[in-house]
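Data first, discussion second: the structure below is written as C-alpha cells.
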Amino acid sequence: MKSIAKKAKAVPVKVVAKAAKKAVKPVKGGKPGAKAVPVKPVKGKAPVKAVKAKAAPVKKAVAAKKVAPAKKAAVAKKAVAAKKVVPAKKAAPVKKVVKPEAKKVAVKVPTKVVKKTPVAVVKKSVPAKGGKAAQVVEPVTKKAAEKVASAVVAEEKKKAVVSPAPVKAVAVKATKVSAPVVEVIEEEVPVVIEEVVTMAHQSLPPMPAGAAANGAIYYDSHMHTPLCKHAWGEPEEYAAQGVKAGLKGIIFTCHCPMPDGFWPTVRMADSEFDAYLEMVDRAAKAFKGKLDVRLGLESEYFPGMEGWIERLHKRADFDYILGGLHWQARDYLAKFETGTIEAFRKSYFNHLAASAETGLYDCLAHPDLVKNYHPDSWCLAIVKGSIATSLDRIAATGVAMELNTSGLNKSYSEMNPGMEMLRMMADRGIPVVIGSDAHRANRVGEHFMTALSHLQEAGYEKVGYFLKRQRIDLKISEVQASIKKAADSQVV
C-alpha cells in the first residue's frame, strides 16, 4: 500500500522567522526518511564552505505515529480494553528511529571563512491538516533548532491521543528532541601570499645559446646602478659599453637593500627595489637582440641577517646572486674590529667561508678585499693559514669565487684576489667568475683579457658565469678569442 505521504501534494507552510525554523514532524503511517536536498543559500546571508547536514533522529517525540495504527483500529470487532489498544510490547517500536540518509549540501566555498552558519537549509516533507504533505524549511543553527524542538514537544503533547477515547497507554512521554546535527566541513583555504615581481624583462626571450652575432660568448657579471649612491651612468650606458667590450651579455648586481639602517649610504633603499627591477628591465628591452641584459644582486653578508637576505632573494627572478662581504661597513667595523689588524683579517676570512656555507649565494665577490684594510701592512703570508682554512670550507660548498678586476683601481692595486690566493683557489678546484665591479659605464669588461691570462697562469682552464642561478663554464681560450673577435667588430 502506497504511503499517504507519497500521494500528498506539497502545500506551503508558514515559516516562522526569516532565518527559517525547523519543525520535525512524522509522516502519518510512514517513516521519517526524507532526504536532504541541496538548496541555494538564503539571499543576503554568507554561504558556508561545505555543509554536510545530518538529519537528527527524533528519539521519542514522534511516538504518535506508531501508537494506534489506523489499519488495526478499523477492523476491530470487539470492544478492546483501553490497556490493550496499544500493548506494551507493541509500543516498543516507538524507540526505533530510522536515520534519514544525509546528503552533502554542495555550497561554493568563498575565500572568507564565515563563522556563523544560519543559512544552510534542508527541506523535509511533514504532514499537514487534511493529510497533505507540506514543505518545511529547516534552519541549521543550534539556537534555532532548540527553539523548534521545544515547539515540537508542545505540539506533540496536544496530539498525543489519536483515539477519541482516553487511552492511558497512548500517553506520549515528552522527551527531549535533539537539535539537528550539522557537520560543517572546514576546508583549508590556502593562504596565498602574493609577492609582486615586476621583473618584466624575464618575459623577453633570452639570446640563443652559443655565440652572439658578433661572436661574443662571455658576460660581465658585476656592475652597479646610480641607486647604490656611489655609481654613475644609466644602465643603457653600461649595456652600450658591454657591446664595445666584446661581451655577449652583462649582469647588473647593485648593492641590495638592508634592514635596520645597515650602512645605508652605499646601497638602494628597500623602497627603491622595484625601481631597480624596472631600470634593468628598461635596458634589457632597449638592447634586445644586441646584448643580453640580466638581473643580479650584490647581496650583503652580515652574521645574523641571513633571514632577511633569504627573503630578499625570493622577491624577484634573479639570474645571479653575488655574495658581498664588506669589511669597511661601519656596522662590521663596530662589531668585529676589536683586536689587532691580523686578527681582524682572520675574522674576515672566517666570515667569507661562513657566507658560502649559508647556501644563499652563487659566487663570492672580491674575496680578499680586506687587504685594503691598512693596505701598507698587508702580508698574505701572515694570514695564509686562515685563507687556506677558509678556502677548504668554500670548496666543500661548491660555491664559486670572483676574480674582480676593479682591484687594480683600489688602494692596494691588485685584482681581488691576488695571484697567490688565485692559485690556492685553483688547487682546490673552486669555480671562478670574472666581474668588473663597474661603478662607471666605461669600466664594463675592463681588464678582462688580463684577468683571463691570470686565470691560466694560476692553473685554471675554464671560467664561468651564471644564468638562472646555474653556472655555465667555458674554455678560457675560447672566451679570449671571442672577446677579441667581438671587440674588433666594433671598430669602424
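The values are calculated or read from the model by the stated rules, or taken from the named source; none is laboratory data. As the structure is a computational prediction, the values presented were derived from the model and not from experiment. Note that each Cβ is placed from the backbone with ideal geometry, even for glycine, and that neighbours are counted across all protein chains shown.
Miscellaneous remarks
- Test: residue in region 372-382 that is in the same structural domain as Ser299 (by TED's automatic domain parsing) and under 37 Å from the mean Cα position of the chain (by Cα): no
- The one condition from (1) among the acidic types (Asp, Glu); (2) touching a Cys at 6+ places or on another chain (Cβ under 9 Å); (3) surrounded by fewer than 20 Cβ atoms within 10 Å (Cβ to Cβ) that Glu402 does not meet is (3).
- When restricted to residues that are over 34 Å from the mean Cα position of the chain (by Cα) and either hydroxyl-bearing (Ser, Thr, Tyr) or crowded, with 18+ Cβ neighbours inside 10 Å (or both), region 337-352 contains 8.
- Residue match in region 471-484 (condition: polar (S, T, N, Q), within 30 Å of Pro375 (Cα to Cα) and surrounded by 13 or more Cβ atoms within 10 Å (Cβ to Cβ)): no
- Residues (in a loop (DSSP other than H, G, I, E, B) and within 18 Å of Ile382 (Cα to Cα)) located in region 328-362: Glu337, Gly339, Thr340
- Close Cβ contacts (under 8 Å, 6 or more residues apart or on different chains) running from residues in region 461-489 that are more than 18 Å from Gly445 (Cα to Cα) to residues that are assigned to a helix (DSSP H, G or I) comprise Glu461/Ile476.
- Ser355 of a type in the set (S, T, N, Q), surrounded by 18 or more Cβ atoms within 10 Å (Cβ to Cβ) and more than 21 Å from Ala451 (Cα to Cα): yes
- Close pairs (7 angstrom Cβ cut-off, 6 or more residues apart or separate chains): part of a helix (DSSP H, G or I) in region 363-375, charged (D, E, K, R) anywhere: Val370/Arg345; Asn372/Lys410
- Among the residues of region 241-267, those that are outside any loop (DSSP other than H, G, I, E, B) and under 20 Å from Trp327 (Cβ atoms) comprise His255, Pro264, Thr265, Val266.
- Residue, surrounded by the fewest Cβ atoms within 10 Å (Cβ to Cβ), within region 272-295, restricted to residues that are under 25 Å from the mean Cα position of the chain (by Cα) and closer than 14 Å to Leu227 by Cα: Ala275
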